[in-house]
Amino acid sequence: MSPITILQLVCMSMVTTMVTCDSNVTKETFSSLQQQVQALQTALLRQNAENQQLKAEHRELMDSMKRLAIDKQEQKDHFEKRIEELKEHFEKRLEDHAAESNELKDPWPKTLQKRVSDATSGIGFSASLSTTTALGDHQIIVFDTVVTNDGNGYDSRHGHFTAPVTGLYAFSVTVMCYGSESYLHVAIIKDSQQIGVAFANGNNSDNGSKLVVVTLQEGQSVWVEHYYDPSGYKIQGSAYSSFSGFLIQAY
């Protein structure tokens, strides 16, 4: 039961009692009481409306506080996320700077180092002559039996070695005469230029050898050539004569 209803019952009970107890009460007095009751009713209605407004304002205030708390948490989350992004950015910049500093200290870029390392991981060959052969003047000796050919620089069809990379190389040749009357003069040739010679005569199957160290540009060739004796003297086969070479250092 509402406060207004209770007040009305109380007032009616008072009026009834007064009328019952005193029959001389005038109409004016009763009318005055009614007016007072109405004034009280109006005041109660106004108070109730004010209470409803206060409740609404309280609810709105609580909602605003909740929204403010949510906004603060969102701002906190945003700032924490931004701080983490900036931290990762600066750490990445520091790593890049350190890598650039290391490359400046090292005159060989990493990509070039890898390319040179891959190209020079194994360059070397060794080949021998399988068949005893009569040689003519300035004839290239083709060592046709390949033992090793890492890097595929040696061509067993033509007897040439072609440098896969620029660098310092070592080459050696060993030749053996066939027969007691044979003489051999051979040369190691670099692009038509003699860079080493070897000699063997026919006494007791003599042999000769030569080792040279030479710089080659990528694509330059080296081979062994018979020279000086155009008489058809023979070189011993069966792997007694051989030609070898390998990369010492790439440039």
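Take S172 and decide whether it is touching a residue at least 24 places away in the same chain (Cβ under 8 Å), over 15 Å from I140 (Cβ atoms) and surrounded by fewer than 16 Cβ atoms within 10 Å (Cβ to Cβ).
Numbers: touching a residue at least 24 places away in the same chain (Cβ under 8 Å): yes; over 15 Å from I140 (Cβ atoms): yes; surrounded by fewer than 16 Cβ atoms within 10 Å (Cβ to Cβ): no.
Criteria not met by S172.
Exactly one condition in (1) under 14 Å from F246 (Cα atoms); (2) free of Cβ contacts under 8 Å to residues at least 24 places away in the same chain; (3) surrounded by 14 or more Cβ atoms within 10 Å (Cβ to Cβ) is false for D144; which is it?
(1)
Given the residues D22, D96, which is the only one that is under 60 Å from the mean Cα position of the chain (by Cα) and at pLDDT below 85? Step through it out loud before you land on a result.
Numbers: D22 fails: under 60 Å from the mean Cα position of the chain (by Cα).
Unique residue meeting the criteria: D96.
Every residue in region 137-171 that is charged (D, E, K, R) and within 10 Å of W223 (Cβ to Cβ), please. Walk me through how you get there before you give the answer.
Going residue by residue through region 137-171, those that are charged (D, E, K, R) are 137, 144, 150, 155, 157.
The answer is D155, and nothing else.
The values are calculated or read from the model by the stated rules, or taken from the named source; none is laboratory data. Because the structure is predicted, anything quoted here is derived from the model rather than measured. Counting neighbours? That spans all protein chains shown, and the Cβs are built from the backbone with ideal geometry, glycine included.
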